[in-house]
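FYI, it's all coordinate maths here, none of it is from the lab. Here the structure is a predicted model, which means the values were calculated and not measured. Heads up, the Cβs are rebuilt from the backbone with ideal geometry, glycines too, and the neighbour counts pull from every protein chain shown.
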Amino acid sequence: MASVTLFNTMDQKVLPSGAVEAPKVHLEVPIVCAYVKSMLISADFSSTGYEMLKDVILGSGSFLVRVQLMNGTDPLPHNYSVSSDEVVVVDVSLNTSLDQIKVVINRCWATSTQNPGDTYSYIFLENSCSLNKYTKVLSNGNSSTSRVSVQIFSFVDLSVIYLHCQVQICAQIGSESCVPDCLQRTSRSSDNTIATTFGSSGPLLKSNEETLVEDVSDLQVIGLSCLGVGLCLFFIIGFICLFYYQRNRIGHYNFSTNPKEENFTSLATNT
């Protein structure tokens with residue numbers, strides 16, 4: 001395959017005095033666009049042959065990528081709270097009507113701040129494939145919208161998070177597919193990637209109910225510990241009291257075997 005591109009540069013005329021001379025002639029210059037020569041058919045009677053253009057994408061402009069958090073098919077409100085077992089859908093869409101343009105979610109991660117380049121991050125999607133059992137790719141590279149579901153607070157131990165995704169804009173030409181192959185665990189070819197950008201969404205809050213349950217659980221553990229210590233002290237004090245009670249009930253006895261000295265008086269009678 002070959003491509004032909006025309007480059008043209010127009011410079012202003014500078015006089016010896018240093019002044020710039022304005023153009024005096026009005027030019028009408030046709031603009032020739034570059035295109036890919038994907039097929040060449042020749043009947044061997046012409047040196048130039050016949051060029052057939054196939055799957056040509058025309059147009060120019062800017063693309064707007066939007067990252068939105070969903071609860072199924074409904075958008076989540078701002079500062080929404082979710083529990084650890086609740087599923088959040090990351091919806092990435094592109095404002096285009098061209099069927100050949102596809103959106104590919106390449107990488108997704110969570111941070112505690114709005115900065116996507118934060119040092120501490122939790123990556124849950126890499127090379128368009130999930131990295132844990134809590135992440136599922138619903139659709140990716142099939143259309144101008146891609147979706148990934150994740151139970152984010154099942155593996156992220158933060159109370160407030162922001163989600164970020166790196167997105168590739170792919171041009172599906174011919175038999176080349178934009179759909180990643182996670183079974184082979186290989187990176188998709190970048191030949192048909194025409195742009196790369198990223199989007200962010202958030203904040204997303206951890207549910208207060210779950211935090212309350214954790215606090216109650218901690219209080220239960222503390223209460224049981226205090227109860228155990230109290231019972232131990234109760235049995236120790238009770239044993240000591242019982243020991244002294246039995247000792248006082250028996251009393252004190254002297255079983256000394258030393259002989260006691262006796263005094264006797266004898267009387268003698270004369271007849």
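Three principal axis extents, largest first, for the C-alpha atoms of the range 65-206, in Å?
In descending order, the Cα extents are 46, 30, 26 Å.
Count the net charge of all other residues whose Cβ sits under 14 Å from the Cβ of residue 94, scoring Lys and Arg as +1 and Asp and Glu as -1.
Charge balance near residue 94 sits at +1.
Please list 112-125, 151-164, 226-239, 194-207 highest first by mean number of surrounding beta-carbon atoms within 10 Å per residue.
Listed from highest to lowest mean packing, they are 151-164, 194-207, 112-125, 226-239.
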